[in-house]
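Notes to accompany the following structure.
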Amino acid sequence: MPGAVDQDTFDRSRRVGWLDLDAVFRSRVLMMGAGALGNEVGKCLALSGFRRITVVDMDHVVGSNLNRCLFFTQEDVRARSKKAEAVARGIESLSSEVRARAVVGRLEDLPDSFYGGFDIVLGCLDNIAARVHANSHAYHAGKAYIDGGMDGFLGRVMVCIPPDGPCVQCGMNRSHSRVAGMRFSCTGEGVVFHEPRLAAEITTTSVISAVMVRECLKVVSGRRDMSLRNMFYYDGQRNSGEELEVPLDPRCPNHPPQTLQVPENHIMSGSVQ
């Protein structure tokens, strides 16, 4: 007969000494984006014990999503299902304890007060402008923001913890500013300028999503001392991972005015979107 330990869904998680499962269970998570990265992040959140998850996305499912999106089906393609709703359903299917809410629409249309209702924000977004928007609103709401991005076999994760940590915008350069208004979308709804699609594949998506949720677990468990303080950069072609320094930019509008000056090309976050 199996013992009580074998009946406990989170028995193995409880064996991680620093992991605060009670905090995980009660945390309110805001996930921005329900594409490839959002599918994998949503899966990892639910299986890790997060029970209150809100998913925001404006797009619908298309056929090219299916080779890297766990929760999307051919029926979703035929029905033009909204990604946020499909991912929310998929998340809830993994655990009876999970409640996932779908918000269909542009994150830019959300009220500023929206972010205050959550404990942590995850960016699974496909364009620079949306990242800057989510980053600044989360930072000003005092919420940790974890941002991920990929381009083929390359990926990166950044953890932004206010009030004293660098944020996504600190790592931007002038080339990012030039494309900040472009939207890298599968469907192109409401797009004025449509950039060629980036390469994508599931193994990089899986790695980046796992790192994002691992960092989420650290933050909500009160272990910010263990959290990434710069940028994690992953290269699946070279089978390598490294941490790139992203200093706080004194000119960044998300931080109080500073007297320190930095070079014009102080740091760039790379081309990975």
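For segment 50-64, which positions are farther than 17 Å from V104 by Cα and surrounded by 23 or more Cβ atoms within 10 Å (Cβ to Cβ)?
Selection gives F50 alone.
For residues that are touching a residue at least 12 places away in the same chain (Cβ under 8 Å) and not in a loop (DSSP other than H, G, I, E, B), scanning just segment 100-113, find the one that is most open to solvent (accessible area, probe 1.4 Å).
R101
Tell me, please, whether a residue that is within 15 Å of E40 (Cα to Cα), part of a loop (DSSP other than H, G, I, E, B) and open to solvent by 10 Å² or more (accessible area, probe 1.4 Å) can be found in segment 80-94.
yes
Mind checking which residues of segment 122-156 are assigned to a strand (DSSP E or B), open to solvent by less than 10 Å² (accessible area, probe 1.4 Å) and either out of contact with any Asp or Glu (no Cβ under 7 Å at 6 or more places or on another chain) or at pLDDT below 95 (or both)?
Correct list: L122, A144, Y145, D147, G148, G149, G155.
All but one of (1) more than 15 Å from the chain's Cα centre (by Cα); (2) of a type in the set (D, E, K, R); (3) at pLDDT 95 or above; (4) not in a loop (DSSP other than H, G, I, E, B) hold for R238; which doesn't?
Failed condition: (4).
Exactly one condition in (1) over 16 Å from the mean Cα position of the chain (by Cα); (2) under 20 Å from C44 (Cβ atoms) is not met by F118; state its number.
All conditions pass for F118, except number (1).
Can you confirm whether E97 is open to solvent by 10 Å² or more (accessible area, probe 1.4 Å) and closer than 26 Å to N135 by Cβ?
It is false that E97 is open to solvent by 10 Å² or more (accessible area, probe 1.4 Å) and closer than 26 Å to N135 by Cβ.
Just checking, does segment 185-198 include any residue being at pLDDT 65 or above and either assigned to a loop (DSSP other than H, G, I, E, B) or within 30 Å of K82 (Cα to Cα) (or both)?
Yes, segment 185-198 contains a residue that is at pLDDT 65 or above and either assigned to a loop (DSSP other than H, G, I, E, B) or within 30 Å of K82 (Cα to Cα) (or both).
Kindly list the number of the only condition in (1) at negative phi; (2) touching a residue at least 24 places away in the same chain (Cβ under 8 Å); (3) touching a strand residue (DSSP E or B) at 6+ places or on another chain (Cβ under 9 Å); (4) not hydroxyl-bearing (S, T, Y) that fails for R89.
Against the list (1) at negative phi; (2) touching a residue at least 24 places away in the same chain (Cβ under 8 Å); (3) touching a strand residue (DSSP E or B) at 6+ places or on another chain (Cβ under 9 Å); (4) not hydroxyl-bearing (S, T, Y), R89 comes up short only on (2).
The values are calculated or read from the model by the stated rules, or taken from the named source; none is laboratory data. In this text the structure is predicted, and so the values were computed from the model without any measurement. For neighbour counting, all protein chains shown are included, and Cβ atoms are generated from backbone atoms with ideal geometry for every residue, glycine included. Ligands, DNA and RNA are excluded from the accessible area calculation, which covers all protein heavy atoms including side chains. Shrake-Rupley method; radii C 1.70, N 1.55, O 1.52, S 1.80 Å.
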